[in-house]
Amino acid sequence: MVALIASLLALCMIVVVIFHAYVAWMLAYPYVAPLTSNPKAAIGLDYEDVLIPSISGKTNVSGWYVPAYSDDSNSEPATRTIVFSHGYGANREETWVPMYDLTKLLNGLHYNVMLFDYGYASAADKTAATGGLEESQQLLAAVQYVKEQGSKEVIVWGFSMGAGTALQAALQSKDINGMILDSLFVPSADSLFNNVSQVVSLPRFPSETLIGALLPLWTGVGIDSVPAEQMMNTSYDIPIYIIHGTQDVKSPYTTAEHIADKQTNPLSRSWIVQQGQHEMLFREHPSEYIQRAALFLSQVNQQVLAAKG
């Protein structure tokens, strides 16, 4: 009887571990829908296919570079670029934002646009999601690429975990002149568990501990390696515009407020959208969203020009 009970307990433990290993695998390799279009077909803009190595050299980055002109005469290439940093579970198109609409608007404002896939969204070179650790290296590769194309001003516009990845990247580089962070998500063991529990009801113990312990099997890195505390409490030198909704169930707006309160750059600001939902803020308030973003971009441009004398 003792042996039977011990065997059953051991079997239950094995089943629990296997289940949580599967959850960890799903987090590392989320389903991402394939690309359905391109800038030319979707919004009539010419683009260039891009394939470059990440700064770490461990992964590759594929994307689209959409060039613009510096003014309406179409005589000089633009030297300002927006690099979009898409959210977890999405690709460079991120249709619910919607990314194509923003790209067309920004092209009309004389910004080049860089759209790319993080490794977990790549069809050709799929890699595990690492909470921004490798993704920040991919983002910095995109930033480096647009600078090589002649950009003198680079703004990273991030969504959800892509916004968190932007914060990580800005800790490592001086090549970013400003950031717009929409529905900011900071990866941590707690935030990952809270999002998993919205899909499947799990007890915090032992699930949070097991998922955190098993993630490195698939990603090669632990979630504790993400510099969440540093991201939360750093006063960045560059202007940051944080946009967040009060009804965001994936990332509490209090996180966005905390990070915004730490900023000291005179152009940094936040817009907490009442009843706003995760990554739906542009769709819900398109005119105000664009007006606010355009004003911020104009002010950052003036700051960059002034700094260059």
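The values are calculated or read from the model by the stated rules, or taken from the named source; none is laboratory data. It should be emphasised that the depicted structure is a prediction, and the values quoted were computed from it without experimental measurement. Cβ: placed from backbone, ideal geometry, glycine included. Neighbour counts: every protein chain shown. Each accessible area value is taken on the protein alone, full model and side chains, heavy atoms only, with ligands, DNA and RNA left out. Shrake-Rupley method; radii C 1.70, N 1.55, O 1.52, S 1.80 Å.
What to note about this one:
- Only a single item in (1) farther than 29 Å from Glu153 by Cα; (2) open to solvent by 60 Å² or more (accessible area, probe 1.4 Å); (3) modelled with pLDDT of 95 or more is not met by Leu8, and it is number (3).
- Near pairs, Cβ below 7 angstrom, 6+ apart or cross-chain, from the range 284-300 (under 19 Å from Met99 (Cβ atoms)) to any residue that is open to solvent by 60 Å² or more (accessible area, probe 1.4 Å): Ile290/Leu105; Ala294/Leu109
- The range 147-164: number of residues that are surrounded by fewer than 24 Cβ atoms within 10 Å (Cβ to Cβ) and within 14 Å of Tyr241 (Cα to Cα): 0
- One residue stands out in the range 13-23 among those that are under 18 Å from Ser201 (Cβ atoms) and either touching a Cys at 6+ places or on another chain (Cβ under 6 Å) or free of Cβ contacts under 8 Å to residues at least 40 places away in the same chain (or both): the one that is most open to solvent (accessible area, probe 1.4 Å), namely Tyr22.
- Checking each residue of the range 221-244 against the condition of being buried (at least 18 other Cβ atoms within 10 Å of the Cβ) and in contact with a His (Cβ under 6 Å, 6 or more places away or on another chain) gives no match.
- Test: residue in the range 176-197 that is in contact with a strand residue (DSSP E or B) (Cβ under 9 Å, 6 or more places away or on another chain) and open to solvent by 20 Å² or more (accessible area, probe 1.4 Å): yes
- Answer from Leu167, Leu210, Leu133 - the residue that is under 17 Å from Ile55 (Cα atoms), among the hydrophobic types (A, V, I, L, M, F, W, C) and open to solvent by 30 Å² or more (accessible area, probe 1.4 Å): Leu133
- Selection within the range 199-254 - among the acidic types (Asp, Glu) and more than 30 Å from Phe282 (Cα to Cα): Glu208, Asp224
- There is no residue in the range 52-70 that is touching a residue at least 60 places away in the same chain (Cβ under 8 Å), of a type in the set (Ser, Thr, Tyr) and under 23 Å from Gln291 (Cβ atoms).
- Across the range 107-130, the qualifying residues are those that are of a type in the set (A, V, I, L, M) and in contact with a helix residue (DSSP H, G or I) (Cβ under 7 Å, 6 or more places away or on another chain), and the one among them that is surrounded by the fewest Cβ atoms within 10 Å (Cβ to Cβ) is Leu109.
- Residue in the range 267-282 that is surrounded by fewer than 16 Cβ atoms within 10 Å (Cβ to Cβ), among the acidic types (Asp, Glu) and either over 19 Å from Val97 (Cβ atoms) or out of contact with any Pro (no Cβ under 6 Å at 6 or more places or on another chain) (or both) present: no
- Residues within the range 78-104 that are of a type in the set (Asp, Glu) and either farther than 11 Å from Gly162 by Cβ or open to solvent by 10 Å² or more (accessible area, probe 1.4 Å) (or both), tallied: 2
- Restricted to the range 9-86, the set of strands (runs of 3 or more DSSP E) holding at least 3 residues that are among the basic types (Lys, Arg) and more than 18 Å from the chain's Cα centre (by Cα) is empty.
- The range 229-248 residues that are modelled with pLDDT of 95 or more, paired with ones that are open to solvent by less than 30 Å² (accessible area, probe 1.4 Å) and of a type in the set (Phe, Trp, Tyr) (beta carbon under 8 Å, 6 or more apart): Pro239/Phe296; Tyr241/Trp271; Tyr241/Phe296; Ile242/Trp271; Ile243/Trp271; Ile243/Tyr289; His244/Trp271
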